[in-house]
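K.L.:
Let me begin by handing over the structure; questions about it come next.
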Amino acid sequence: MPPHQPAPGPQSWRPSLRRSVRLFADFRHEQDDPRRFYTALAADSVGQLEHYAGGSGRGLDGARVLDVGGGPGFFRDAFTAAGATYFALDADVGELSGQGGIASGSVIGDGMRLPFRDGAVDVCYSSNVLEHVPDRVRMVEEMLRVTRPGGIVFVSFTLWWGPWGGHETSPWHYLGGGYARRRYRRRHGHEPKNRFGESMYAATATEMLRWAARQQRAEVLAAVPRYHPWWAAWLMRVPVLREVLSWNLLLVLRKH
């Protein structure tokens, strides 16, 4: 399925080379300074969403946003500053309380069984969560279910065959997820946070692009490498290359 280019929106956000360089520089500090990386990513995500949801001229102002896998709340400030009503869902109480307490609007739940009614939110957002669930299609279909007609689903995830596919066990995941997990345990004396087969899975672009092409519930607004500049969108057209070089697939859908 060919990638879709974003429609012009009212915001100044653009997927430029400068933006990509800045995000990759911040990404280098994900482990030692997560606030730096996730704050930058949150601001960028708001810009992206306002770009795609800008047809109303309001961007995210007044929108109900559900962040599936919201974690400790790095995204909350960015979304609320844009005028959104923000809800976060996570399966892990520890993740939700990572900044010292669980904020109001937080929900404990399963991304594959969202505890929300049909059409409950205007925007359903998920960043780097899909690789942590065993049934990726089911989670995205749940995100579509809880989004109102005309609303936006924004989902991005780390590709298994990319350089960060094994997360903290990279690059040894290229020799197999099980091997990378055992090697990490031997070297560090404990399990990695992201345990292959339990809390991390081999998520591929091909799986989700095929699903997006055959589903009938939404228009595909974008299927692009999330962190790359606009002119690198062609990577998603090349079946093997996209898995290695795209790093992260972004799907943006507008529900029919």
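K.L.:
How about the stretch 166-194: which of its residues are within 30 Å of Gln48 (Cα to Cα) and either out of contact with any Phe, Trp or Tyr (no Cβ under 8 Å at 6 or more places or on another chain) or touching a residue at least 60 places away in the same chain (Cβ under 8 Å) (or both)?
P.N.:
Once the filter is applied, which keeps residues that are within 30 Å of Gln48 (Cα to Cα) and either out of contact with any Phe, Trp or Tyr (no Cβ under 8 Å at 6 or more places or on another chain) or touching a residue at least 60 places away in the same chain (Cβ under 8 Å) (or both), the stretch 166-194 yields His167, Glu168, Pro171, Lys193, Asn194.
K.L.:
Against the condition part of a helix (DSSP H, G or I) and either under 15 Å from the mean Cα position of the chain (by Cα) or not assigned by TED's automatic domain parsing to the domain that holds Ala40 (or both), how does Tyr227 come out, does it pass?
P.N.:
no
K.L.:
Still on this structure, I have one more. Could you identify the single residue in Gly151, Gly165 that is under 15 Å from the mean Cα position of the chain (by Cα) and outside any helix (DSSP H, G or I)?
P.N.:
From the options Gly151, Gly165, the qualifying one is Gly165.
K.L.:
Going through the stretch 6-24 one residue at a time, which ones are at pLDDT below 90 and more than 19 Å from Ser156 (Cα to Cα)?
P.N.:
The answer is Pro8, Gly9, Pro10, Gln11, Ser12.
K.L.:
Say we look at the stretch 132-155 and pick out the residues that are in contact with a helix residue (DSSP H, G or I) (Cβ under 8 Å, 6 or more places away or on another chain) and of a type outside the set (Val, Ile, Thr); which of these is surrounded by the fewest Cβ atoms within 10 Å (Cβ to Cβ)?
P.N.:
Checked the stretch 132-155; the qualifying residue surrounded by the fewest Cβ atoms within 10 Å (Cβ to Cβ) is Arg136.
K.L.:
Across the stretch 188-206, which residue is surrounded by the fewest Cβ atoms within 10 Å (Cβ to Cβ) among those that are in a loop (DSSP other than H, G, I, E, B) and among the hydrophobic types (A, V, I, L, M, F, W, C)?
P.N.:
Of everything passing the filter in the stretch 188-206, Ala202 is surrounded by the fewest Cβ atoms within 10 Å (Cβ to Cβ).
K.L.:
Any idea which of (1) within 18 Å of the chain's Cα centre (by Cα); (2) farther than 20 Å from Ala91 by Cβ is the one Ser127 doesn't satisfy?
P.N.:
Answer for Ser127: the failing condition is (2).
K.L.:
Evaluate the following for Thr158: is it among the β-branched types (Val, Ile, Thr) and touching a Pro at 6+ places or on another chain (Cβ under 6 Å)?
P.N.:
No: the conditions fail for Thr158.
K.L.:
Is there a residue being in the same structural domain as Gly151 (by TED's automatic domain parsing), closer than 14 Å to Leu159 by Cα, surrounded by fewer than 21 Cβ atoms within 10 Å (Cβ to Cβ) and modelled with pLDDT of 95 or more anywhere in the stretch 211-220?
P.N.:
Scanning the stretch 211-220, I find no residue that is in the same structural domain as Gly151 (by TED's automatic domain parsing), closer than 14 Å to Leu159 by Cα, surrounded by fewer than 21 Cβ atoms within 10 Å (Cβ to Cβ) and modelled with pLDDT of 95 or more, so the answer is no.
K.L.:
Anything in the stretch 72-101 that is acidic (Asp, Glu) and at pLDDT 70 or above? List them, or say none.
P.N.:
Asp77, Asp90, Asp92
K.L.:
Where the second residue is surrounded by 17 or more Cβ atoms within 10 Å (Cβ to Cβ) and the first is basic (Lys, Arg) and lies in the stretch 108-135, which pairs have Cβ atoms under 8 Å and are six or more apart or on separate chains?
P.N.:
As it stands, the answer is Arg113/Glu142; Arg117/Val146, since those pairs meet every condition given.
The values are calculated or read from the model by the stated rules, or taken from the named source; none is laboratory data. This is a predicted model, so every value here is computed, not measured. Don't worry about glycine lacking a Cβ; one is built from the backbone with ideal geometry, like all the others, and counts go over all protein chains shown.
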